[in-house]
There are 2 protein chains.
Amino acid sequence: MASSVGPSSLLRSRPWIPVDIGDSRFLCKSWFGRMQYHVFLLDGECLWEDQMEAEGIQTRAQELNRRLRASTESFFSHLVSVVIPFLTGSRHGHGTGSGPDHVTLHRAENHMTLRLKSELAGLPFYWEFHCCPAPVSAVCGQLVRPLLVMGGALQRQVDILFKLLQRKDAEIQDYRENGAQLTRGTPTTEHRIWVLPLLLDQDSSLNFSSDLSDLFSCIVSQLNPTKRKRQNSGQEEEEGEKGDGPLVEEEEKTGQMKGLDEGWNISDKKNLWDSVLNPIQEGNHVRKSEL
Amino acid sequence: MASSVGPSSLLRSRPWIPVDIGDSRFLCKSWFGRMQYHVFLLDGECLWEDQMEAEGIQTRAQELNRRLRASTESFFSHLVSVVIPFLTGSRHGHGTGSGPDHVTLHRAENHMTLRLKSELAGLPFYWEFHCCPAPVSAVCGQLVRPLLVMGGALQRQVDILFKLLQRKDAEIQDYRENGAQLTRGTPTTEHRIWVLPLLLDQDSSLNFSSDLSDLFSCIVSQLNPTKRKRQNSGQEEEEGEKGDGPLVEEEEKTGQMKGLDEGWNISDKKNLWDSVLNPIQEGNHVRKSEL
């Protein structure tokens, strides 16, 4: 059950993905290496955690599958192919596996078990994630701190957009007062009132949109100097990362963890803005004082 | 050390306030009732908690102040007058007390002690908050879930503002293409590029702005049905709340916990928007589909 620095650091940059298990919705973050894994499941009340390494995986696999005689490596490889699509929300696509036949959730006072059933070499294949509440330090590092930074960034963005709207309103008012007319059927715009309660969806805390998930991953990259150094240098981060297998690399290729160096913007607003400048490659072209 | 439902529920609606203690910055949330209190202190790594009731307070007060012969009530009253301004960031104002003479922070592996020194009736007065890591359920309920909802609301707000900007850009372009000129010295506006990295302040996670703090409190009111019911009915929420003393009432009067019913908007943008509609009293005047 011991954990090394490498996997924890790698897990930090993983995206949070909404996953439905039974009647419950979770935000899930997972990392699978070579004969080790680390899974977080967040529900409204608790952050649950299961992390295992080779020895524990072997013992649990044998206990749950007494008739199955596959090597631990084959067993783990099958587990990964079954569970990754399920935990990353890609169960029905990408050809990464068919997912488990059956998943059930069992809750106890201070414990939660996720039972999977699949098939390997024609025999039933069982696995259980035995989840305990994560330590508070993990909740703060994985969730609270990045969420606070994300809130601040979004708030600053809102402030900038408000000021921009104010300037556009002044320009429009000037045109109108000088008798300008719209000719292409363009509708006039008004000061639009929005009220925050309408934007709040109180049941939405675990519906983390992909936009927010991307933003969250960006922020975690920024908060994690080791990760940034690696992105900039193109080198491997730590010993623990070597030999993680194709799963990690594949996920990075999809851009889920793309860094801030790419000039990330919310909701891919490239069509709205003329272009997206890269502040690192091309210098800082955004003059905040003008907004 | 036992806690009742009342105080926990009341603490939930309290704002998070940045507080500097020694060289460390925390987000602090506190509730002081009649001979009981509950304090949360968040640093980058952990959410710390100290909650006590009458018996524990009396014992600790006697241990720390062997020469002081005041009644426990007088003692607690003095503690509250000293510590509230310190923990709510109003140390230098409002005439609510002068704050402690001296505050020091002592950290151990799984424990943090906050030592205060003040003066009562001409004698030195000591108090210590013995903080332990809060349970994960408290971190999720007090921070993670409201922060996730807040992120979602801010993201929706950003989306709406972007669409509004897009419409204003179309109107401005129409005027310009028809030869309209600006006459009052109003500057022309352009598509302004903003890049998220510039909005991220990675050291800002504990600088929770007052805007965000207000929004957070609003969200917590929404997430807490009991609290909303009370706001709507104007009645006391629970037995545990009765007799909380003037501190709680005073804080409510300042509007720090104002509810969504007031048509809350970020950064008090009333000057920008023509007015703020109350969706509950006047119906839903915001036609989201138009944005």
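The values are calculated or read from the model by the stated rules, or taken from the named source; none is laboratory data. Bear in mind that the values here come from a model prediction, so they are computed numbers and not experimental data. With ideal geometry, Cβ positions are generated from the backbone for all residues, glycine too; neighbour counts draw on all protein chains shown.
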The conditions are (1) aliphatic (A, V, I, L, M); (2) at pLDDT below 90; (3) surrounded by 16 or more Cβ atoms within 10 Å (Cβ to Cβ); (4) farther than 22 Å from A:D214 by Cβ, and A:M1 fails exactly one of them. Which is it? (3)
Mind counting the residues in the range B:175-185 that are at the interface with chain A (Cβ under 7 Å from one of its Cβ atoms) and at pLDDT below 80? 1
